[in-house]
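Read-outs: derived from the displayed coordinates by stated rules, not from any lab. Quick caveat, the model's predicted, so the values are computed rather than measured. As a convention, Cβ positions derive from the backbone with ideal geometry for all residues, glycine included, and neighbour counts pool all protein chains shown.
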Amino acid sequence: MRFSSKRITRSFAVTISIVLSVSVINTLPATGSTASMGAMLENGILFPIVEQTNLGKIVTTPCNTEIVYNGGEFLESVDVVIDPGHGGPETGSVGANGLVERDLNLIVALLVEEELLSLGYSVALTRRTDLHMPIRQRTAIANALSPKAFVSIHHNGGAVRRSDVPGTEIFHHVSNPESKRLAGLLFEEIFEAFNNYWVPWVSTVHNGASSRLSEPGRDAYGILRNTPEIPSAIAEAIYLSNPPEAELMTLPEVQQNEANAITRAIHRFISTSDPGSGFKPSFIDGVMTGTGSARGCVDSEHEQDLEVTVAYANDEFASLTAAARKAGMSVEEFQMFGVHALDLFLKLDPESDSSQEEITAPAVTGSNVSTVSWSAESQVALARVGEKYGFTSSEVQKMGATLMVFLTSLD
Ligand SMILES: [Zn+2]
């Protein structure tokens, strides 16, 4: 088979070979969207948009995996994003009465949404069900929707020191003054709401609004660290691990009062310049629970596979079949591998472009037809390479095959 793209030089090919030989393909983590590109919304699940390509939108799934996605309704931005902390196997703290933080956070978040909607705000929740979702996906959703406020709802665990007042702790971004003001208002409202009750509370020295850092200047919480441009705060209303507080939190009236307090804080944050109160100096404590990563997260299927058909001339197909056999792959795997290699090369060297020499699309006609089934996840490579060169999926698939035949011929 003749190599149809002369642009791909030997050194390029060697680079690819090295990259392939260390087997890093498909192990690069999804970065999640950082730009405010909006999100697609379907059945209550938000898919923040990472990139628009000619072959479809690249979004991230609840498990923070990039896929090509064609469903849903477009949501450009909202006033407020609420994040019910934890979910799925990540329970968060657990009360002695069996009340689980994961569930309580969602109950309160849904009440906050209702209250904010009644005040005329547009609202999005990072999750509306018991969904396993890494921190990176939660912050990708917030960044995609560029809200005026982003609040992560939690109920704390761990403290044992008796206190006459609720041990409310609110955390803000270390260097964003609006995040700090939001935290001060959340502290004021939530502390006051719970201070109307009397139970044997527990608290720590961090009772108040402060920043928890892993090292000087660096936020320990990913929720804050990944959203530097957004007024964000984490609310730990009370200590669910303290049995009397867990009992209190089973009461619907108390859940509603907490939701009302969070709503008032957000409303005051957006509609006034009130400074908030309860501020404490930032502190360094980098010991984290280790939850919130994408490890063990399993997505449900959000998109169908895509069948891409390419035709090869007889001599091309003979070289392709021989090269695939030499590589120990099926002809289908071999084509797919080639596209992932092209995508990886673009990731490692995004400045490489075709400005000096035009790359012409390979002809996709011939008498030997090969169809490859691409999962929504693997379509991302197809879409990125297609966008880069202005090629169709069939052309990209054939370009990948061409590259692989060439690489296999080197030795
Ligand atoms: Zn929590």
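Summary of computed values
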item	result
Rg(Cα) / (2.2 N^0.38 Å) computed for region 77-284, rounded to two decimals	0.92
With Cα atoms, 0 to 90° folded angle of helix 314-327 axis to the chain main axis	50 degrees
Under 5 Å, built H, 5+ apart or other chain: amide partners of Ser152	Asp83, Ala233, Ile234, Ala235
Full-extension gain in nm, Glu301 to Ser409, via 0.36 nm per residue minus C-alpha separation	35.1 nm
Helix axis angle, 379-389 relative to the chain longest principal axis, alpha carbon, degrees	60 degrees
Residue-span extension gain [Val287 to Leu348] - 0.36 nm each, minus C-alpha spacing	18.7 nm
Sorted by Cβ neighbour density within 10 Å, fewest at the top, the residues Leu185, Leu213	Leu213, Leu185
Exposed GluC sites (Glu not before Pro) absent - longest run of the chain, DSSP non-H/G/I/E/B, at most 15 other C-beta within 10 Å	77-228
Region 77-284: antiparallel DSSP beta bridges as a percent of all, rounded to 5	35 percent
Fraction of alpha-carbon pairs over 43 Å apart in the chain - percent	27 percent
Theoretical FRET efficiency, 1/(1+(r/R0)^6), r = Cβ-Cβ of Gln52 and Thr250, R0 45 Å, to 0.05	0.45
Degrees between helix 393-409 axis and first principal axis of the chain (Cα, 0 to 90, nearest 10)	70 degrees
Local electrostatic count, Pro275, Cβ distance below 13 Å [Lys/Arg +1, Asp/Glu -1]	0
Theoretical FRET efficiency, 1/(1+(r/R0)^6), r = Cβ-Cβ of Val94 and Asp274, R0 41 Å, to 0.05	0.70
Relative contact order (percent, whole number), the chain, Cα cutoff 8 Å, 6+ residue spacing	19 percent
For Phe279, distant residues with modelled amide H under 5 Å away	Ala209
Spacing of the two label points (7 Å from each Cα toward its C-beta) at Arg162 and Asn314, in nm	9.4 nm
Region 269-280 - phi-based ³J(HN,Hα) in whole Hz, Karplus 6.51/-1.76/1.60, Gly and Pro as x	4, 7, 9, 9, 10, 3, x, x, 7, x, 5, 10
Ranked Val160, Val396, Val364, criterion: other C-beta atoms within 10 Å, fewest first	Val160, Val364, Val396
Over the chain: helical MRE at 222 nm, DSSP H runs n ≥ 4 each giving -39500 (n - 2.57), nearest 500	-11500 deg cm²/dmol
Neighbour cut-off at most 12 other Cβ (10 Å), DSSP loop, chymotrypsin sites (Phe, Trp or Tyr not before Pro), region 152-260	Trp198
Most mobile of Asn43, Asn64, Asn176 in a GNM of the chain (Cα contacts under 10 Å)	Asn43
From phi via Karplus (6.51, -1.76, 1.60), per-residue ³J(HN,Hα) for region 360-370 in Hz, x at Gly/Pro	8, 5, x, 5, 10, 10, x, 9, 10, 9, 10
Modelled FRET efficiency - R0 35 Å, Lys326 with Phe74, Cβ distances, 0.05 increments	0.15
Burial ordering of Arg225, Arg162, fewest other beta-carbon atoms within 10 Å first	Arg162, Arg225
The chain - share of DSSP beta bridges that are antiparallel (%, nearest 5)	60 percent
